[in-house]
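See structure below.
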Amino acid sequence: MEIRQIQQEHYVTLSPVGDLDAHSSVHLDEKIQKLVEAGKVMIHVDFSEVTYISSAGLGVFISYLDEIASQGGQLVLSQLSDNIYDVFSILGLNKLDHLIILSPEEKEVATYFVQK
Amino acid sequence: MRPRVINGLLLAIVILLWLLLLGFHLMQQMVSVLRTDQPLIIGSLYYRASLVAFWLSSLMLAGRLLGNIEKLHISGLLWRLFMTGMVGVSLILVSTFVNRMMSNPIKGYLSAFFFCLALAAVVAYFLSALFIFRRLIFYPRTRRKITTWQFFTAVLLVGMVYPVYGSEYWERITYVPLVLVSLLLCSHVRWVSYLNFNQKLRALGLLSLNILVMITYLVAEQLLPQQLGIRIDDSVFEVGFLTYVVIFSMVYSIFSVLVLFFNLPTSSVFERESLEIASFEKINQAIQANLDFTEILRTLLDACLLTANARAGWIELTPVEGMADPEIKIRSRISGSDVAELRESYNLTQKVLNEQKFYLVRHMGKHKSFRNQRTRFRTLLCVPVYSNSTAYGAVFIVSDLVNAFEEVTIKSVSSYAEQAGIALENARLIKSNIELERYQEQLKIAKEVQTQLLPRQLPGDRQIEMFARSENADEVGGDYFDAIKTPDGRYRVAIGDVSGKGTTAAFYMAEVKGVFHALAALDLDPHTFVATANQAMSECMQKGAFVTLTYLEINPALKQVAMIRAGHCPGYFYCAANQSLRSLREGTLGLGILRSGNYRSMMPAPTLVSYRPGDVLVLFTDGIVEARDEAANEFGYERIEAMIRDHARGSAGEIADAIVNSAKLFTRSKLQDDYTVLVIRFT
């Protein structure tokens, strides 16, 4: 799957395109792993072009939560479609401190990183 | 009678008749000593009749002994024939020698004895020749040849009567058909073409020797009576059966010798052809039976080297999935380092595989890639080995001569490579099939085991009716549901879904069951129950894996349900009194997501639901919610709600069936994900 990566001022934006299923989420996993290993724990994932997320896709975010938290990082997901937002919220992921899930209207991401 | 007895009888008759003939000769000798002008006994009708009987019985005996030679071993047969002839020839030589040494009184009797011995030897020799040549002519046997031979036998038999009723008229009548049929039989020399060069040479030599024996006999026939001083009527031996056999044997031998001689130069071509056919057959056999890649490739290389008369060769393989070892090294008469050097100059394997066509370097010294190589080879042929679906590699053969491989050779090598490609493909498919079958067998077992992990029947009583329907997308899956009744009449119920599906999910599902049963026995409050379950699952699951779970404790005494939804898709509570449907959305994180200690503190208080008879609690996994139709629309919560409303008055089983069936109808096929529907109906 195609994942664009843009280095912002205080964080890195990842923009995956397409379905985040068992196969494609492996690529996202590799990207995030590289960032976390390099100590870049301020990560923004742009969901505007993600159409579907499977449990394997969710697993990618879940597996880095502890590590990002321990390094004082932040994971911000933005522009989720209603369906995908539901998937995250049903699982309870919207209740976590280090994982911020923004509703489609909220496009201003930078503020969540600047605070830290 | 048994064949052996018949043969023995025939032999006895032959010997008796021979003794009779000997008797005639001795009598003749006796008479001629007394009176020289006595008419010849040897020419008498009795003598002639005995002679014919001797021939006939000898013919029958020879036919029985040599008529059914099953396996044709040409040089062996001809050698035996020659040895038989040599016995006769030496007998004749000895007899003439002894005859000269002897003094008169015994001499006559001894001569008669020797003459009869020579006669027996000649008969034995030519009758053997007759049947051995018959075997050669019948190679292979055809109806027409048999008919011709029968005609020939008839002529021989007619010739046999000649000495008895002999006349020149007979002679003329029988000679013409005899010569014609002999010539016809002489044209049957097919056996020659099946011999290789050496065998032909041997046959040629042996036949020539036999011709010499025959000539010796012919000369002896003329000289012997004179030498031995035996007076015989010429008409006895000159024409008739024995002469016919001699003529036929001579003609056939000479004809065969000529055919052999002229076939000698071409035999190498036939040998090559038959070698190629043999190689082809070998590869074919490899295709049918062989599963060993190395052996197939080895056969291929050997066949190519043999056919092309190549100096050396090797096979290069591309890595192919399912092959035992992609690094199989197969080479013949060339060192690995030489192969590597040539390979370095020009990597042909990929090129021929891409083009699916052979590549020939006629003169490596002039080829741009090999020009600078210090190789002893001059010609190189590279042929791809591939099947419809897979490129396996290429076979290389080299020769130290320039332009050593002709078109025919290349064609043969290409067809071997093609056959080998099919063989490899077959072997690969069979191998992977066997493996697949083994996996399927294992999965079947896993499915059985997993089915036993889920409760066959859920507990219940007059006030609580529980029913669940569950199915996996693959053989095994990650959905879990269970319910137990505590001794004090409460129910602990769980429905869960492990992330992912298939085998990994199935293992974690078994883990969830273990955790559920362990904790359910401990009488924990729902809060502690879920928090402990989270901790237990966090410890055993790999990073990124999680379980969603809805846990409830039903207290029939209070008519109350306490529920914690841990990331699981929210279920519904249907209230019969006001026909309302409530989505139970309150909840916390799925198990295994937050592995540090904060999980419990983030948990909200359990959702409490009071029920009355007629109320229904419906729980399910996301396999139902996310069931998709062809246009990728989700079945979704609204349709589930509608099904609950429509069937709320039915039994728990009816409600569960209604939801599952409507989801299946919606997708128009089997569901893509594991699904479970658990319905609790209060009565």
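If R0 is taken as 45 Å, the Cβ-Cβ distance between B:ARG362 and B:SER389 corresponds to a FRET efficiency of 0.85. Taking amide H positions as modeled 1.01 Å from N, with prolines and chain starts lacking one, the residues under 5 Å from B:TYR392 and 5 or more places away or on another chain are B:VAL385, B:TYR386, B:SER387.
Taking the fewest neighbouring Cβ atoms within 10 Å as the starting point, the ordered list for A:HIS10, B:HIS73 is B:HIS73, A:HIS10.
Here the contact order of chain B, divided by its residue count and restricted to Cα pairs under 8 Å and six or more residues apart, works out to 9 percent.
Maximal additional length on extending the B:PHE151-B:THR532 stretch stands at 126.5 nm, based on 0.36 nm per residue less the C-alpha distance. Remark on A:VAL76: its backbone amide H falls under 5 Å from those of A:ILE43, A:HIS44, A:VAL45, A:ILE100, a criterion applied only to residues 5 or more positions apart or on other chains, H modelled at 1.01 Å from N. Among B:CYS116, B:CYS382, the order by Cβ neighbours within 10 angstrom, fewest to most, reads B:CYS116, B:CYS382. The length gained on full extension between B:ASN598 and B:SER90, counted as 0.36 nm times the residue separation minus their Cα-Cα distance, comes to 171.0 nm. Looking at segment B:115-224, the trypsin sites (Lys or Arg not before Pro) that sit in a DSSP loop and have at most 14 other Cβ atoms within 10 Å of their own Cβ are B:ARG141. In chain B, excluding the sites themselves, the longest stretch lacking any of the GluC sites (Glu not before Pro) that are in a DSSP loop with at most 15 other Cβ atoms within 10 Å is B:407-585. Using DSSP to call loops (not H, G, I, E or B), can you name the GluC sites (Glu not before Pro) in segment A:22-116 whose Cβ has at most 10 other Cβ atoms within 10 angstrom? Counting only loop positions with at most 10 other Cβ atoms within 10 Å, the GluC sites (Glu not before Pro) in segment A:22-116 are A:GLU105, A:GLU108.
About its Cα centre, how strong a charge dipole does segment B:454-682 have in debye, to the nearest 20, once Lys and Arg get +1 and Asp and Glu get -1 at the Cβ?
440 debye
In this label model, B:LEU34 and B:TYR46 are separated by 1.3 nm, measuring between points 7 Å along each Cα→Cβ vector. Each of B:THR375, B:THR409, B:THR299 was scored by other Cβ atoms within 10 Å of its Cβ. Listed from fewest to most, they are B:THR375, B:THR409, B:THR299. Taking all Cα pairs closer than 8 Å and separated by 6 or more residues, the relative contact order of segment B:3-265 comes to 28 percent.
Taking 4 °C and 1.567 mPa s as conditions, chain B diffuses translationally at an estimated 36 µm²/s according to Stokes-Einstein applied to its Kirkwood radius (Cα pairs). Under a 5 Å amide H cut-off, with hydrogens placed 1.01 Å from N, B:GLN672 pairs with B:ARG628 among residues at least 5 apart or on other chains.
What's the magnitude of the charge dipole for segment A:66-116 around its Cα centre, counting Lys and Arg as +1 and Asp and Glu as -1 at the beta-carbon? Answer in Debye, nearest 20.
Around 120 debye, computed over segment A:66-116.
Among the complete DSSP H segments of chain B, which ones combine at least 18 Å of alpha-carbon extent along their axis with a mean Kyte-Doolittle hydropathy of 1.6 or more? Going by DSSP H runs, the hits are B:3-34, B:241-263. Putting +1 on Lys and Arg Cβ atoms and -1 on Asp and Glu Cβ atoms, find which of A:TYR11, A:ILE101, A:ASN83 reaches farthest to the positive end of the dipole of chain A. Value: A:TYR11. Using the Karplus relation 6.51 cos²θ - 1.76 cosθ + 1.60 with θ = phi - 60°, the per-residue 3J(HN,Hα) values for segment B:603-616 come to 6, x, 5, x, 6, 9, 10, 9, 10, 10, x, x, 6, 9 Hz, with x marking Gly and Pro.
Quick note: the coordinates plus some simple rules give every number you see, no bench work behind them. What you see is a predicted model; the values in this text were computed from it and never measured. Note that we place each Cβ from the backbone using ideal geometry, even for glycine, and neighbour counts take in every protein chain shown.
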